[in-house]
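Remarks on the structure that follows.
The values are calculated or read from the model by the stated rules, or taken from the named source; none is laboratory data. For clarity, every value in this text was computed on a predicted model and none was experimentally measured. Positions of Cβ are backbone-derived with ideal geometry, glycine not excepted, and every protein chain shown enters the neighbour counts. The area values use the complete protein model at the heavy-atom level, side chains included, leaving out ligands, DNA and RNA. Shrake-Rupley method; radii C 1.70, N 1.55, O 1.52, S 1.80 Å.
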Amino acid sequence: QQQVKQSPQSLIVQKGGISIINCAYENTAFDYFPWYQQFPGKGPALLIAIRPDVSEKKEGRFTISFNKSAKQFSLHIMDSQPGDSATYFCAAHGGDNFNKFYFGSGTKLNVKP
Amino acid sequence: GAGVSQTPSNKVTEKGKYVELRCDPISGHTALYWYRQSLGQGPEFLIYFQGTGAADDSGLPNDRFFAVRPEGSVSTLKIQRTERGDSAVYLCASSSQSGGLNEQFFGPGTRLTVL
């Protein structure tokens, strides 16, 4: 059973637009929710992260919105740029296993110039 | 400073062979993770080291997979009797503290292809 469900699988956005990627989880024991950005041939890199006691976190053009009651969180990329074209993964930490991160299946973002 | 490095970057082997994949974490990082990433999927947890010991190996798919970290730094993931289904990118990540709430720094991965 997939612990974190991510959508959409792929996303095309025009330059300057807003990219929105959504994730949902079931385990209320998760305690930390990071987003990773991955370019081809590279490992994932931490983009931004949030804890469940906060409803929103913003860093530059990137914002996480967190809805604890709905068990959903999303990544918003404002003023999307072609350089943002990459695969994005949401993840959740903890639950029944303090050591584990559970990753979503990824969203391939293409920002058209 | 240097990030996490993994060698080789690519490994092609035949079904039934033995392979070793190496991870050099960031100096001083005590926590080390191995993940497997299949095409079009997110990383899947395999094993977590805190220092020299495997604190959690619950993600290893079967007993053909084994990992060591004898001196608390470099780690080696070992796969015996490889199968075509083992083909994937194997990622290593390190972190400065245990429990994972500090940032994990990922290496570029080793792409394993089993023919």
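Per this entry, B:Cys92 is counted among residues that are closer than 22 Å to A:Thr87 by Cα and not in a helix (DSSP H, G or I). The number of residues in segment B:28-67 that are open to solvent by 40 Å² or more (accessible area, probe 1.4 Å), within 26 Å of A:Gly94 (Cβ to Cβ) and either away from every other protein chain (no Cβ under 14 Å) or of a type in the set (Phe, Trp, Tyr) (or both) comes to 5. Meeting the requirement of 1 or more residues that are among the hydroxyl-bearing types (Ser, Thr, Tyr), the strands (runs of 3 or more DSSP E) wholly within segment A:43-113 are A:62-67, A:72-77, A:86-94, A:101-103, A:107-112. Within segment B:68-102, being within 26 Å of A:Phe33 (Cβ to Cβ) and either of a type outside the set (Ser, Thr, Tyr) or surrounded by fewer than 18 Cβ atoms within 10 Å (Cβ to Cβ) (or both) holds for B:Ala88, B:Val89, B:Leu91, B:Cys92, B:Ala93, B:Ser96, B:Gln97, B:Ser98, B:Gly99, B:Gly100, B:Leu101, B:Asn102. In a residue-by-residue description of segment A:36-53, the property of being open to solvent by 40 Å² or more (accessible area, probe 1.4 Å) and farther than 21 Å from B:Phe105 by Cα applies to at least one position.
Of all the numbered requirements in (1) farther than 23 Å from A:Gly17 by Cα; (2) at pLDDT 95 or above; (3) open to solvent by 40 Å² or more (accessible area, probe 1.4 Å); (4) of a type outside the set (A, V, I, L, M, F, W, C), A:Gly104 misses one, and that requirement is (3).
Within the span defined as segment A:100-112, one or more residues are within 27 Å of B:Pro108 (Cα to Cα), more than 14 Å from chain B (Cβ to nearest Cβ) and basic (Lys, Arg). Going by the structure shown, is A:Phe73 under 21 Å from B:Glu44 (Cβ atoms), of a type outside the set (Ser, Thr, Tyr), within 10 Å of the chain's Cα centre (by Cα) and more than 11 Å from chain B (Cβ to nearest Cβ)? So A:Phe73 passes the test. Where strands (runs of 3 or more DSSP E) fall entirely within segment B:7-77, those with at least 1 residues that are more than 14 Å from the chain's Cα centre (by Cα) and without any contact (Cβ under 8 Å) to a residue 24 or more places away in the chain are at B:53-56.
If I ask for residues that are modelled with pLDDT under 95, facing chain B (nearest Cβ under 7 Å) and in contact with a strand residue (DSSP E or B) (Cβ under 6 Å, 6 or more places away or on another chain), which ones from segment A:78-99 would you list? Passing the criteria: A:His93, A:Asn99.
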